[in-house]
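**Q** What follows is a single structure, and I will ask about it in a moment.
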Amino acid sequence: MMRRLHIRLALVMIALAAGVVVIATISIVLETHYHFTMYQEQHAASGIDGDAGELGYHLEQALIQTIVWTGLGSITLAVILGFYVARRISEPLVHMKRIAERMSGGQWHSRVHVKGEDELAQLGASLNSLADQLRQQEQLRKTMTEDIAHELRTPLAVLKSHMRAMEDGIWAPTPDRIHACYEEIERLTQLVAELEDLTDVESPGFQLDRTIASLDEVIRRAVDLVHAAFREKGVKLMCRADPELHLVMDPNRMMQILVNLLSNALKHTPEAGIVSIEAVDEGAQVRLLVKDTGEGIPPEELPYIFERFYRAEKSRSRETGGSGLGLTIVKQLVTAHGGTVYADSSGEGTSMYIKLPKQL
């Protein structure tokens, strides 16, 4: 059974009170016995019967000395227990304070030595858990900063070289070269927009504008947005959903999820390939499937495809034009809807599954 701190403190208080009672009892017994023995010895030596006055005097002395010894003993016991309890409680708190100061100085490896199972031990364990999370967040921050710098470096370097070449007269500003610069600017614009979107969905104050809406209608709106891009590349887009299927969701964010998945599938599907999207009613939840006939994703890469700026060597290369943030945004939005998202690439192409509850 877990030893709670308040129980330990209560036991100390009980021990202190019991100690005072024990000291008082022992003092009364010893002092009374001592004075009655003295009284009897004095009158036995004198051969005179004792009187009430002298007996009263000895009783008074016994009581006074009892009170004095009880007070001194109680104060001594209280001081000893007080210092002991204060040290036992303050020592781990001082230790935690030192560890917290080290953590604030960037020493994320510092940890509290946890002993026991009371509230102080739980506080130490919580502090250790917080240190782990802060260390992970710091690592994510550094990684994200490096990734953003890497993503910005390439298009900026291309733009700089093109501009310098045209400025120095090495290149003529032909439509093709101007269009290449435009594509790099578009890549930068898309990256900034996706970073803003990711910051928005990951902020503590982010909320969905939920309402009961038709999933079929949202799917068809998403299909209409990407239909022109599919026709331009020559990829067939198939759609199947139950018109009566409704669920509680944010229609705009749900359409953003579907557009991201469909655009991602289009990037990795060759010409004359097929991308399909379907919604299946599974009772308490809905299963969405976006499947393509592209090159697929290696099994060892599947656990990481929802991480920021992650690209598998083949399926998420820079040449496809992706920033590596689309699937991260998808996961955040699906999680905000109370659902789950995962990928499967065991067969032909890649299948992206989303499971959403009908009611939150």
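**Q** Test each condition in (1) open to solvent by less than 40 Å² (accessible area, probe 1.4 Å); (2) closer than 28 Å to Asp200 by Cβ; (3) outside any helix (DSSP H, G or I) for Arg287 and report the one that comes out false.
**A** With respect to (1) open to solvent by less than 40 Å² (accessible area, probe 1.4 Å); (2) closer than 28 Å to Asp200 by Cβ; (3) outside any helix (DSSP H, G or I), Arg287 is out only on (1).
**Q** Scan the stretch 344-360 for residues that are polar (S, T, N, Q) and in a loop (DSSP other than H, G, I, E, B) and jot them down.
**A** Residues satisfying the conditions are Ser345, Ser346, Thr350, Gln359.
**Q** Which condition from (1) among the polar types (S, T, N, Q); (2) modelled with pLDDT under 85; (3) open to solvent by 50 Å² or more (accessible area, probe 1.4 Å) is the one that Thr154 breaks?
**A** Against the list (1) among the polar types (S, T, N, Q); (2) modelled with pLDDT under 85; (3) open to solvent by 50 Å² or more (accessible area, probe 1.4 Å), Thr154 comes up short only on (3).
**Q** Take the stretch 128-167 and flag every residue that is touching a residue at least 24 places away in the same chain (Cβ under 8 Å) and small (Gly, Ala, Ser).
**A** Ala131 - this is the single residue of the stretch 128-167 that is touching a residue at least 24 places away in the same chain (Cβ under 8 Å) and small (Gly, Ala, Ser).
**Q** Next question. Cβ-Cβ under 8 Å, sequence separation 6+ or interchain: first residue in the stretch 331-360 and within 14 Å of Asn264 (Cβ to Cβ) and without any contact (Cβ under 8 Å) to a residue 60 or more places away in the chain, partner outside any strand (DSSP E or B) and of a type in the set (Lys, Arg). Which pairs?
**A** Within 8 Å, the pairs are Val341/Lys331.
**Q** Based on this model, can you work out whether Tyr39 counts as in contact with a Leu (Cβ under 8 Å, 6 or more places away or on another chain), modelled with pLDDT of 65 or more and either in a helix (DSSP H, G or I) or on the phi > 0 side of the Ramachandran plot (or both)?
**A** Against the criterion (in contact with a Leu (Cβ under 8 Å, 6 or more places away or on another chain), modelled with pLDDT of 65 or more and either in a helix (DSSP H, G or I) or on the phi > 0 side of the Ramachandran plot (or both)), Tyr39 qualifies.
**Q** Any residue at all in the stretch 179-192 that's in a helix (DSSP H, G or I) and under 23 Å from Leu288 (Cα atoms)?
**A** no
**Q** What single numbered condition from (1) modelled with pLDDT under 85; (2) exposed (fewer than 13 other Cβ atoms within 10 Å of the Cβ) fails to hold for Glu307?
**A** (2)
**Q** Follow-up question, since we're still on this one. Return yes or no: is Ala279 small (Gly, Ala, Ser), touching a strand residue (DSSP E or B) at 6+ places or on another chain (Cβ under 7 Å) and surrounded by 19 or more Cβ atoms within 10 Å (Cβ to Cβ)?
**A** It is true that Ala279 is small (Gly, Ala, Ser), touching a strand residue (DSSP E or B) at 6+ places or on another chain (Cβ under 7 Å) and surrounded by 19 or more Cβ atoms within 10 Å (Cβ to Cβ).
**Q** Here is a further query. Ala125 - would you say it is open to solvent by less than 70 Å² (accessible area, probe 1.4 Å) and either more than 30 Å from Leu16 (Cα to Cα) or in contact (Cβ under 8 Å) with a residue 40 or more places away in the chain (or both)?
**A** Considered against the rule, which asks whether it is open to solvent by less than 70 Å² (accessible area, probe 1.4 Å) and either more than 30 Å from Leu16 (Cα to Cα) or in contact (Cβ under 8 Å) with a residue 40 or more places away in the chain (or both), Ala125 comes out as yes.
**Q** For Ala131, are the conditions met, namely being small (Gly, Ala, Ser), open to solvent by less than 50 Å² (accessible area, probe 1.4 Å) and under 19 Å from the mean Cα position of the chain (by Cα)?
**A** In short, yes.
**Q** So which residues in the stretch 152-203 are under 36 Å from the mean Cα position of the chain (by Cα) and among the polar types (S, T, N, Q), if there are any at all?
**A** Once the filter is applied, which keeps residues that are under 36 Å from the mean Cα position of the chain (by Cα) and among the polar types (S, T, N, Q), the stretch 152-203 yields Thr154, Thr189, Gln190, Thr199, Ser203.
**Q** For the stretch 195-203, indicate whether the set of residues that are under 30 Å from Arg253 (Cβ atoms), among the hydroxyl-bearing types (Ser, Thr, Tyr) and in a loop (DSSP other than H, G, I, E, B) is non-empty.
**A** Within the stretch 195-203, one or more residues are under 30 Å from Arg253 (Cβ atoms), among the hydroxyl-bearing types (Ser, Thr, Tyr) and in a loop (DSSP other than H, G, I, E, B).
**Q** While we're here: Name every residue in the stretch 215-238 that is surrounded by fewer than 18 Cβ atoms within 10 Å (Cβ to Cβ) and assigned to a strand (DSSP E or B), in order of residue number.
**A** Those that are surrounded by fewer than 18 Cβ atoms within 10 Å (Cβ to Cβ) and assigned to a strand (DSSP E or B): Lys236, Met238.
**Q** May I pose another question? Considering only the stretch 313-344, state which residues are modelled with pLDDT of 85 or more, crowded, with 21+ Cβ neighbours inside 10 Å and among the hydroxyl-bearing types (Ser, Thr, Tyr).
**A** Thr328, the sole residue that qualifies.
**Q** How many of the residues making up the stretch 77-122 are open to solvent by 40 Å² or more (accessible area, probe 1.4 Å), within 30 Å of Ala24 (Cα to Cα) and either under 29 Å from the mean Cα position of the chain (by Cα) or free of Cβ contacts under 8 Å to residues at least 12 places away in the same chain (or both)?
**A** 8
The values are calculated or read from the model by the stated rules, or taken from the named source; none is laboratory data. Quantities reported herein were computed from a predicted structural model and do not represent experimental measurements. Neighbour counts run over all protein chains shown; Cβ positions are idealised from the backbone, glycine included. For the accessible areas, the whole protein counts, side chains as well, though only heavy atoms, and no ligand, DNA or RNA atoms are used. Shrake-Rupley method; radii C 1.70, N 1.55, O 1.52, S 1.80 Å.
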